[in-house]
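The values are calculated or read from the model by the stated rules, or taken from the named source; none is laboratory data. Note that the coordinates shown come from a computational prediction; the quantities given were computed from them, not determined experimentally. FYI the Cβ positions are ideal-geometry reconstructions off the backbone, even for glycines, and counts take in every protein chain you see. Just so you know, the surface numbers come from the protein's heavy atoms only, side chains and all, with ligands and any DNA or RNA stripped out. Shrake-Rupley method; radii C 1.70, N 1.55, O 1.52, S 1.80 Å.
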Amino acid sequence: MKNLLVADIGGTNTRLRITDINGNILWESVTAGVAAATDSNAPLVSLEKQLDEMPGKENIGAISINLGGKNTVQVKLCFCSFFPDVPLKIFRESEGAAAYALGEEYDAPIVLMAGTGAIAVGKSDNGFVITGGWGINIGDDGSGYDIGLQAIRMSLTALDNTEDLSPLTRFLCGLEKSLSATDDPTVYRDKRDRVREHLSPFDRKNIASLSKTVAKFAEKGDKTALDIFRYSGEKLSELVICTAKKLTGEIPNIVVTGGLIHSRKFWAPSFENSILKIIPDVKIHYVPSGLLRGTFKIAKDLYEEAKEND
């Protein structure tokens with residue numbers, strides 16, 4: 001019996017997992033994310049290294065890949081170079097294939113993917129719905145990226161104000177107090193430049209990583225951090241509610257998966273309160289590595305189909 005290779009490739013992490021046909025994990029590897037907003041034929045060095053170091057490549061019977069970006073061709077070329085004759089299915093996360101498979105396991109018409117980005121998918125008698133996930137510059141409210149961005153924005157607003165800085169703001173900006181008037185404008189300018197340097201780089205991965213910093217300060221009761229998570233919960237609930245309004249039929253369960261569930265104790269109260277006002281009897285399930293579970297189901301189906309066709 002062959003094993004299955006499933007992959008969840010996002011902007012922050014690339015997780016590869018080998019399982020047997022029953023879903024038992026035989027090997028797993030996590031490296032930096034290689035999902036990108038544009039496609040190309042360029043090599044993905046870190047992914048190539050990850051696959052090169054993977055054991056048991058000769059015993060892989062099917063591969064399924066959930067991709068959080070748009071670089072389908074780039075990722076497919078990489079996998080096909082290692083597994084040219086293995087049945088492979090790659091799908092973009094925004095298509096919802098892995099999420100729908102996960103939702104079926106929980107009898108959940110709606111699945112919220114809350115990680116670096118944020119997107120909800122729904123499936124009911126009247127068809128499919130995709131909500132949110134418009135991208136970092138125009139959407140992804142409530143996501144890990146948005147949490148990091150809100151932390152930066154709230155910190156800079158505090159520097160421009162006259163109130164005491166929160167511990168989170170002091171840490172992020174490298175200053176102990178807000179900016180105050182000075183006789184020399186170049187001094188003010190230089191302080192602002194140092195703040196920008198302290199916060200940089202302003203790329204998607206770095207800003208999203210600040211969500212972990214916000215969680216650490218929320219753990220200490222930092223008001224700014226707690227306010228950011230409360231906002232995040234409200235924004236994530238809007239994705240679910242908008243999806244629910246477009247679906248017909250009952251919604252007995254909702255599944256939430258993605259990296260943000262590890263900090264859910266800070267945002268889940270506002271998230272759940274908003275949803276329960278609209279869908280009072282729904283059960284909300286938080287599933288770690290949920291997309292990998294859905295991706296496994298797709299790989300298993302692909303493998304069984306290939307066996308039937310042999």
Criterion: in contact with a Lys or Arg (Cβ under 8 Å, 6 or more places away or on another chain) and acidic (Asp, Glu) - qualifying residue of Asp52, Asp39: Asp39
Looking at the range 101-171, what strands (runs of 3 or more DSSP E) fall wholly within it and have at least 1 residues that are among the aliphatic types (A, V, I, L, M), touching a residue at least 40 places away in the same chain (Cβ under 8 Å) and surrounded by fewer than 24 Cβ atoms within 10 Å (Cβ to Cβ)? 127-132
Here are some conditions: (1) assigned to a strand (DSSP E or B); (2) open to solvent by less than 30 Å² (accessible area, probe 1.4 Å). Ile90 meets all but one. Which one does it not meet? (2)
Residue check for Thr186: in contact (Cβ under 8 Å) with a residue 60 or more places away in the chain and either out of contact with any Ser or Thr (no Cβ under 7 Å at 6 or more places or on another chain) or surrounded by 14 or more Cβ atoms within 10 Å (Cβ to Cβ) (or both): no
Across the range 214-246, what is the total count of residues that are open to solvent by less than 30 Å² (accessible area, probe 1.4 Å) and either assigned to a helix (DSSP H, G or I) or of a type in the set (S, T, N, Q) (or both)? 17
If you take the residues in the range 251-273 that are part of a helix (DSSP H, G or I) and small (Gly, Ala, Ser), which one is most open to solvent (accessible area, probe 1.4 Å)? Gly259
From the set of residues in the range 172-199 that are part of a helix (DSSP H, G or I) and acidic (Asp, Glu), which is nearest to Asn13 (Cα to Cα)? Glu197
Any residue at all in the range 71-87 that is over 23 Å from Tyr303 (Cα atoms), open to solvent by less than 10 Å² (accessible area, probe 1.4 Å) and out of contact with any Cys (no Cβ under 7 Å at 6 or more places or on another chain)? yes
Scan (1) open to solvent by 20 Å² or more (accessible area, probe 1.4 Å); (2) over 19 Å from Lys123 (Cβ atoms); (3) assigned to a helix (DSSP H, G or I) for the single condition Phe202 breaks and write down its number. (3)
State which residue is least open to solvent (accessible area, probe 1.4 Å) when the search covers only the range 274-288 and only residues that are assigned to a helix (DSSP H, G or I) and free of Cβ contacts under 8 Å to residues at least 12 places away in the same chain. Leu276
Pairs with Cβ under 9 Å, 6+ apart, first in the range 235-264 and within 13 Å of Val121 (Cα to Cα) and of a type in the set (Lys, Arg), second in a helix (DSSP H, G or I) and open to solvent by 20 Å² or more (accessible area, probe 1.4 Å): Lys245/Ile278
